[in-house]
Amino acid sequence: MAASLCTHCNTYQGYRRFLNISQTSLALLIALISVTGTLIPPLAKVLFRDSHLEKNLISIDQTGAIFVVTNSGNMPGSVISAEVEFPLSEGRSTRLALPVAVQIIEPGKSQLVKVTPSDAPALLVTAIYQSLTTSGCSLRLSLLSYRGEVSKHVEEIECDRLTSNLFTEGTKAIFAEMPPAN
């Protein structure tokens with residue numbers, strides 16, 4: 001068997017003679033790697049700061065539509081608006097803003113968001129009523145991320161279900177008095 005250490009000059013033989021790493025250098029290298037490994041997660045949180053908001057429609061009834069908004073990011077985000085979109089003839093549509101309180105969703109938490117019913121103006125109600133022959137209505141919730149990006153989350157809902165549940169009795173009375181659309 002060949003010697004691994006020269007007895008005359010005290011140097012390694014074989015492949016180890018090309019690696020001139022002392023025990024001190026090796027210990028410093030291992031310490032550097034372990035410190036770097038512990039610094040990466042906090043550094044990533046500082047560099048990649050944002051909120052990640054997701055919504056789920058829980059229910060819709062006469063009191064309003066209830067969503068659960070979850071923030072899986074590391075910074076707060078908020079719910080800023082809600083609207084209903086009603087399709088009209090010839091590919092057009094009408095949008096109706098719904099009252100919603102601006103809510104801040106903290107990182108790692110979920111929050112219930114309630115979109116309340118609306119008293120719509122008579123002209124808008126007329127346009128909405130004329131669109132009830134289609135089933136492509138949508139309820140949109142706008143969410144604002146920490147970086148200032150607005151995302152609109154759309155929930156497709158049948159127009160009959162939306163108008164019978166999300167509008168007040170006064171609006172329903174206007175619908176009842178109008179003749180059916182042709």
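Here are the numbers for the structure shown:
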| read-out | value |
| --- | --- |
| Surface accessible to a 1.4 Å probe, residue 25 within the full protein complex, Å² | 60 |
| Environment charge of residue 157, counting only residues whose C-beta is closer than 11 Å and scoring Lys/Arg +1, Asp/Glu -1 | -3 |
| Inverse mean reciprocal Cα-Cα distance (Kirkwood Rh) of segment 19-111, Å | 17.9 |
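The values are calculated or read from the model by the stated rules, or taken from the named source; none is laboratory data. Given the structure is predicted, the values throughout are model-derived calculations rather than measurements. Note that we place each Cβ from the backbone using ideal geometry, even for glycine, and neighbour counts take in every protein chain shown. Ligands, DNA and RNA are stripped out before the accessible areas are found, and what is left, the full protein with its side chains, is counted by its heavy atoms. Shrake-Rupley method; radii C 1.70, N 1.55, O 1.52, S 1.80 Å.
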